[in-house]
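Trainee: Take this structure first; my questions come after.
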Amino acid sequence: MKNKEAEMKKIAVLFPGIGYHCDKPLLYYSRRLAQNAGYDIFPITYSYKKSGLKGDPEKMRKAAEELMKQTEKALRDLSLEEYEDILFISKSLGTAMAVRYAFEHDLDVRHILFTPLEQTFEYPLNNSIAFSGTADLWVDTEMIPKLCEESDIPLTVIDGADHSLETGDVLRNIDILKEVTEQVRNFIS
């Protein structure tokens with residue numbers, strides 16, 4: 001007799017950032033963990049090449065609207081309601097797309113949020129974990145912990161890490177990736 005979890009239909013949808021695609025370390029290893037745990041995998045690919053987004057709220061808003069259109073198109077034919085366990089793994093601006101999509105489609109989703117932006121918290125969140133760095137130039141590094149606390153989201157803050165959760169030290173980056181990957185594995189299971 002098979003156990004119930006092995007029979008459960010599970011899917012992990014990957015929402016990359018604009019410059020952080022699904023083959024970069026955080027999303028790549030999270031994807032592998034989800035695959036190993038029996039999840040179907042659905043990576044989204046964004047095509048948006050505008051520069052000068054950092055620090056420009058209007059350009060960020062326009063980018064978010066364009067990425068949301070691309071998200072809707074990418075997921076249009078995917079029947080997420082057929083899945084009993086939906087996991088959204090997202091990075092940067094992709095975190096805002098994942099949370100907004102789940103809210104607008106009334107989906108019960110678990111979220112892994114890598115370097116979420118402030119706009120990620122414009123929609124209700126639950127059953128989520130988040131990761132951020134103290135040297136992330138894309139966010140207000142004091143605001144993200146407050147927003148996570150208000151949303152009751154466990155947040156791992158990595159000292160000296162940037163928007164890719166990396167530092168200038170390659171070996172430290174490997175240690176960070178291992179620490180983050182272990183937490184992601186625990187959350188997935």
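The values are calculated or read from the model by the stated rules, or taken from the named source; none is laboratory data. No experiment lies behind these values; they were computed from the predicted model shown. Note that we place each Cβ from the backbone using ideal geometry, even for glycine, and neighbour counts take in every protein chain shown.
Trainee: Give me the residue from segment 132-148 that is out of contact with any helix residue (DSSP H, G or I) (no Cβ under 8 Å at 6 or more places or on another chain) and polar (S, T, N, Q) and, out of that set, modelled with the lowest pLDDT.
Mentor: Looking at the filtered set, the residue picked out is 141.
Trainee: When the residues of segment 109-120 are filtered to those that are touching a Ser or Thr at 6+ places or on another chain (Cβ under 6 Å) and without any contact (Cβ under 8 Å) to a residue 60 or more places away in the chain, which remaining residue is surrounded by the fewest Cβ atoms within 10 Å (Cβ to Cβ)?
Mentor: 111
Trainee: Quickly run through segment 149-182 and pick out the residues that are within 25 Å of residue 122 (Cβ to Cβ), out of contact with any helix residue (DSSP H, G or I) (no Cβ under 8 Å at 6 or more places or on another chain) and not in a loop (DSSP other than H, G, I, E, B).
Mentor: 149
Trainee: Could you go through segment 82-96 and let me know if any residue there is surrounded by fewer than 16 Cβ atoms within 10 Å (Cβ to Cβ), modelled with pLDDT of 90 or more and within 25 Å of residue 126 (Cβ to Cβ).
Mentor: Scanning segment 82-96 turns up at least one residue that is surrounded by fewer than 16 Cβ atoms within 10 Å (Cβ to Cβ), modelled with pLDDT of 90 or more and within 25 Å of residue 126 (Cβ to Cβ).
Trainee: So, in segment 87-116, how many residues would count as being in a helix (DSSP H, G or I) and over 8 Å from the mean Cα position of the chain (by Cα)?
Mentor: Looking only at that region, the number is 9.
Trainee: Exactly one condition in (1) surrounded by 13 or more Cβ atoms within 10 Å (Cβ to Cβ); (2) modelled with pLDDT of 90 or more; (3) out of contact with any strand residue (DSSP E or B) (no Cβ under 9 Å at 6 or more places or on another chain); (4) not β-branched (Val, Ile, Thr) is false for residue 77; which is it?
Mentor: Against the list (1) surrounded by 13 or more Cβ atoms within 10 Å (Cβ to Cβ); (2) modelled with pLDDT of 90 or more; (3) out of contact with any strand residue (DSSP E or B) (no Cβ under 9 Å at 6 or more places or on another chain); (4) not β-branched (Val, Ile, Thr), residue 77 comes up short only on (1).
Trainee: Give the residues of segment 40-68 that are modelled with pLDDT of 75 or more, outside any helix (DSSP H, G or I) and touching a Lys or Arg at 6+ places or on another chain (Cβ under 9 Å), sorted by residue number.
Mentor: 40, 41, 43
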